[in-house]
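Beneath this line is the structure, given in structure tokens, with notes to follow.
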There are 2 protein chains.
Amino acid sequence: MQAYINTYEDMRRRLKAYGYYAWLVGWDQETEAPKGSIEYRTKQVGVMAEEVYKLQSDPDYIEAIEKLYENQDQLDADFKAEIRQMFKDLRIIKKVPKEEYIAFQVLVSQSTHVWAEAKHKDDFNLFLPTLEKVVEFNRKLVKYLETPELKGYDILLDMYEDGFGIKEYDHFFNTLKEELVSFVKEATEKKERFSRKLTKGIFPKDQQKAFSRYLLDVFGYDLNHGVLKESEHPFTSGVASIDTRITTHYHEDNLASSIFSTIHEMGHALYEMQNDPKFDDTNIHGGSSLGMHESQSRLYENMIGRSYAFWQLHYPKLVELFPKQLKGITVDEFYRFINQAKRSLIRIEADELTYGLHVMVRYELEKAMINGRLKVADLPRKWKQLMSQYVGKRPTNDREGVLQDIHWSFGAIGYFPTYALGSAYAAQIYQAMNKEVDIEQAIAENNIKAINAWLKDHIHVYGGSKTPKELMLIATKEPFNPNYYVDYLKQKFSV
Amino acid sequence: MQAYINTYEDMRRRLKAYGYYAWLVGWDQETEAPKGSIEYRTKQVGVMAEEVYKLQSDPDYIEAIEKLYENQDQLDADFKAEIRQMFKDLRIIKKVPKEEYIAFQVLVSQSTHVWAEAKHKDDFNLFLPTLEKVVEFNRKLVKYLETPELKGYDILLDMYEDGFGIKEYDHFFNTLKEELVSFVKEATEKKERFSRKLTKGIFPKDQQKAFSRYLLDVFGYDLNHGVLKESEHPFTSGVASIDTRITTHYHEDNLASSIFSTIHEMGHALYEMQNDPKFDDTNIHGGSSLGMHESQSRLYENMIGRSYAFWQLHYPKLVELFPKQLKGITVDEFYRFINQAKRSLIRIEADELTYGLHVMVRYELEKAMINGRLKVADLPRKWKQLMSQYVGKRPTNDREGVLQDIHWSFGAIGYFPTYALGSAYAAQIYQAMNKEVDIEQAIAENNIKAINAWLKDHIHVYGGSKTPKELMLIATKEPFNPNYYVDYLKQKFSV
């Protein structure tokens, strides 16, 4: 056993270094790499993917993982969880032909740029051939990986959210469909009115930046272990608890966008920064799953960041930065403004209430594409139809429709559903936490560190050593139940 | 032969990818990596250094380089130049005992910290034992590498500037000594007076940034293939013609510093951006030598950027950005302000006229240390004596004396002389270019692209495929001649 552990740990040490380097190349690519270097960079990424593949497919390493997996009962709990994850990941190396796998890596390293151009030009056909390749690869992938228990889209879903497949998601989204679709129609029937100062105001970037920096302090995001930068699409990128970076964006005609992007990404970042540092050198640093990750970002963004208690305390600071723009706007109006529910087109700008329905559109489209019932070329039409049906608003172009999200362009199918799941986890976690910490009071006393501490102890510290199902039991003492989410939304948005 | 070429090219392809990744890690480290991640990053860098060493010391790869070197007459000119360079680099791996080489790497990976602390505390004795080891290693190194033709300090000089040894540098510095030392004494006798607006003004960072961005346009630095960022010490970092990044710094009490740092780094960057792109995948992308690289940065910074024609055209833009600060300051006064010659202590802040003499001090000290005539412990005393003798100003402490520069602490002895050589190359190149391009007129017409084009055709396009001696012949049609430099300085600084 010890020989297998040594082999595994030695290769892990090497792969973690390759991972660190690749992580920075990705960070650079998304934040500042000059456009004219794409082709060259893509070539280097391809070469390094081969190098990493050589290591990952090293027979001694694979044997070590397999033997450790077979003898997992002799391992301590964390190491066992890690080996189970590695064994699961091994499927790709063992079952997918190397050339196809590498070709896919190269494809997706270029295709985000194709997508970006297509979105910019509102031209789905520019992106179509690339997206067809992405879907084709994913369809082949599930064939290679299928087992008697798992087939088709199930395999992709489970890849992004351990233990969740069509059955679980169908139950979840059916709950949303039954409970929310008509509720949303009602709740968004009447258009609320707000001062033109809020809807048409111009909020200079420098002051928005200053408020984002203020938020870092409020939430305890530590710049000694992170970076706040700009990118078109905000994201979090962490490599270890000691370096977890975030980006945000600033739109001068939209004050709320930078505020809630910054808080959202801090939620992701706090999760990884509060991992037990012992995981930094392992393969279970990070979150339990994408859904669990999203639960933290949504909890911070929506349940803390959009709460009345939060703005009662921090609105004066915002007014101080925008004295002219916010003159005469009360905290009550501002609170209602940032909590409007409305029928909208863009998922990342969508309010809490409608958000899950935006995701449901993507879930149904992915399911249909992977099982072959929907052609990629038909996506734009079908997208519009489902948006109209669930959210109650029909896009008139693809930029605000099927081209709005980056995910498919980097190859991820099965990822979107975790977003809605995250919000649902968050509602359940919030009510569990609220039994032990008076959350509203903590917010009102500018004591978010009490919230951070509870989340650290019940979720963050575990890193990736627990599955999301295990973690929900640890944190909330009961299995996942979407009704918390539905109840929370209905209570908040009842008119 | 073809088998050796294939072996070489395959390994080159892999090492270039590792190089690209390592380049970005370095860029990140110098510009934005959070401080709290240093230890973790250092560990990853160590692992990757091992990976690269494994590749570089691969026997098949070494054999390929040796065989190609033996048969270099069968190779085309560029490939031949590359193989000669690779063969030269191989000497270290082949002749220096691995343990000593690794011990030295470990030493210099720590010694910049020792140096920084010693400089901070102005305590040479803190740095002395480390510097003694650095000198000792370099003295052993030249023993290992010596040949009937090259011995001692010659070997180190030639390592940093191909074809330049004591004979060449003695001739160069003796010319400076004879022609400039007394000239400088005279030229710096009278202290010029300037408006307090220039000497004590505060120039906000945002406007300085705007002017730096303006300069990018003026010089044709293409952000599609580069990045302008901030760092404490400005530098250029290029990986290929398609991605050559620069940094600058902004000091609100020193307007000139950001301007000339930006132009200086653009000079370095334009050199690499204008390399023939075919070199991007080879080991001869970049510059011919350190001296040649410095010639480009100094030519752009001093001969273009500090010219009267330049400021006649661009000073109004500067006034537009700093209307209050520059009110009443004429372009003539500004021009004189940025071209003051004075006796100073710090090399990197020295003016054009005295700069070469600062370097001469270091050259003489290095030569004496390597040939054993000067003990490291005697450096501070000797430094002060030579500064007084050549520059006419005697440091009263070591922080502004022997401890000011980082270079020795990272092990580099023989590097400094290339700085002075660069300015001298620049003067000779300028006069050659001026026969074909009316430089002042090009500047006055905001047509720096005409200058870029000449430098591209005569220098930049060759990348590292020519030695500096070959390149001087190509560009100026005669061998290097330091009199151009002396004449240029005397003409510009005659009172």
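With K and R counted +1 and D and E -1, the other residues having a Cβ less than 13 Å from that of A:SER241 yield a net charge of -4.
Taking only the alpha-carbon atoms of region B:1-95, what semi-axes of the equivalent ellipsoid follow from 5 times the gyration tensor eigenvalues under a square root, in whole Å, largest first?
Values: eigenvalues 207, 36, 24 Å².
Whole-Å semi-axes of the equivalent ellipsoid: 32, 13, 11.
Over the residues of the protein assembly as shown, compute the C-alpha Rg and express it relative to 2.2 N^0.38 Å. So the Cα radius of gyration is 1.05 times the expected 2.2 N^0.38 Å. Percent of C-alpha pairs per 20 Å bin in chain A, short distances first: 22, 59, 19, 1.
Take B:THR147, push a point 7 Å out from Cα through the beta-carbon direction, and compare it with the same point in every other copy: 6.3 nm, smallest first.
Between the helical axis of A:166-187 and the longest alpha-carbon principal axis of chain A there is an angle of about 10 degrees.
How large is ³J(HN,Hα), in whole Hz, for each residue of region B:239-256 in order, when computed from phi with the Karplus curve 6.51 cos²θ - 1.76 cosθ + 1.60 and θ = phi - 60°, using x for Gly and Pro? Calculated HN-Hα couplings, in order: 10, 5, 4, 8, 7, 10, 9, 9, 10, 9, 9, 10, 10, 5, 9, 8, 5, 5 Hz.
If you plug the beta carbon distance of B:HIS251 and B:GLN431 into 1/(1 + (r/R0)^6) with R0 = 30 Å, you get a FRET efficiency near 0.35. Among chain A residues, the beta-carbon with the smallest distance to the axis carrying A onto B is reported, with distance in whole Å, as A:TYR21, 2.
The dipole here belongs to the protein assembly as shown: it is taken about the Cα centre, uses +1 on the Cβ of Lys and Arg and -1 on the Cβ of Asp and Glu, and is about 2220 debye. Here A:ARG381 yields copy-to-copy label distances, from shortest upward, of 9.2 nm, the label point defined as 7 Å from Cα along Cα to C-beta. Residues whose amide H comes within less than 5 Å of that of A:HIS251, counting only those at least five positions distant or on another chain, are A:SER258 (H built at 1.01 Å from N in the peptide plane).
Based on DSSP, what percent of beta bridges with both residues in the protein assembly as shown are antiparallel, to the nearest 5? Rounded to the nearest five, the antiparallel share is 60 percent.
Give me the distance between the Cα centres of region B:130-199 and region A:153-197, rounded to whole Å. Taking the Cα centre of each part, region B:130-199 and region A:153-197 sit 71 Å apart.
Summarise the partner chain shielding of A:43-50 as one whole number: the mean count of Cβ atoms from other chains within 10 Å of each residue's Cβ. Walk me through the intermediate numbers first.
On the way: counts 7, 11, 3, 1, 8, 5, 1, 3.
Mean partner shielding for this stretch: 5.
Between region A:238-292 and region A:417-437, the alpha-carbon centres lie 17 Å apart.
What you get for chain A, charging only the Cβ of Lys and Arg (+1) and of Asp and Glu (-1), is a dipole of about 1720 debye around the Cα centre.
To the nearest 20 Debye, how big is the dipole of region B:134-254 about its Cα centre, given +1 on the beta carbon of each Lys and Arg and -1 on that of each Asp and Glu?
Working: 18 positive and 22 negative charges, 150 e Å.
With only Lys, Arg, Asp and Glu charged at Cβ, the dipole is about 720 debye.
A crude spin-label estimate for the pair B:GLU32 and A:ARG336, with each label 7 Å from Cα along the Cβ direction, gives 4.0 nm.
Near B:LEU75, within a Cβ-to-Cβ distance under 13 Å, what is the net charge of the other residues, with Lys and Arg +1 and Asp and Glu -1? Charge balance in the 13 Å sphere: -3.
The residue list B:GLN274, B:LEU157, B:PRO204 was ranked by how far each Cα lies along the charge dipole of region B:119-277 toward its positive end, using unit charges on Cβ atoms, and B:PRO204 comes out on top.
Couplings 3J(HN,Hα) for region A:467-476, derived from phi with the Karplus relation 6.51 cos²θ - 1.76 cosθ + 1.60 (θ = phi - 60°), are 6, x, 5, 4, 5, 4, 5, 4, 7, 10 Hz, where x marks Gly and Pro.
Here's how it looks for B:ARG245: its modeled amide H is under 5 Å from those of B:VAL227, B:SER237, B:GLY238, B:VAL239, which are all 5 or more places away or on a different chain.
Could you give the length gained on full extension between B:ASN397 and B:HIS113, defined as 0.36 nm per residue of separation minus the Cα-Cα distance, in nm? Mind dumping the intermediate values first?
Details: separation 284, 0.36 × 284 = 102.24 nm, distance 1.96 nm.
The span from B:ASN397 to B:HIS113 would gain 100.3 nm if fully extended.
Computed from backbone phi, the HN-Hα couplings of region B:349-365 come to 9, 6, 6, 3, 5, 8, 3, x, 6, 4, 5, 4, 3, 5, 4, 5, 5 Hz, rounded to whole numbers (Karplus: 6.51 cos²θ - 1.76 cosθ + 1.60, θ = phi - 60°; Gly and Pro given as x). Principal axis extents of the Cα atoms in region B:36-191, from largest to smallest and rounded to whole angstrom, are 64, 48, 28.
Simple rule: put +1 on each Lys or Arg Cβ and -1 on each Asp or Glu Cβ in the protein assembly as shown, find the dipole, and look at A:ILE348, B:GLY414, B:ASN283; the Cα lying farthest toward the positive end is A:ILE348.
Placing a label point 7 Å from Cα along the Cα-to-Cβ direction at B:LYS278 gives distances to the equivalent points in the other copies of 5.9 nm, listed shortest first. Estimated at 0.36 nm per residue, the fully extended path between A:GLU232 and A:LEU473 surpasses their Cα-Cα distance by 83.1 nm. Its DSSP H runs of at least 4 residues, each contributing -39,500 (n - 2.57), put the calculated 222 nm mean residue ellipticity of chain B at -20500 deg cm²/dmol, to the nearest 500.
If R0 is 45 Å, the Cβ-Cβ spacing of A:LYS185 and B:VAL461 corresponds to a FRET efficiency of close to 0.10.
Per-residue extension of 0.36 nm, minus the Cα-Cα distance of A:ASP487 and A:ASP60, leaves a gain of 148.6 nm for this segment.
A short reminder: the numbers here are calculations on the coordinates, not readings from a lab. Keep in mind the model is a prediction, meaning the values are calculated, not measured. Using ideal geometry, Cβ is built from the backbone for each residue, glycine included, and neighbour counts are taken over all protein chains shown.
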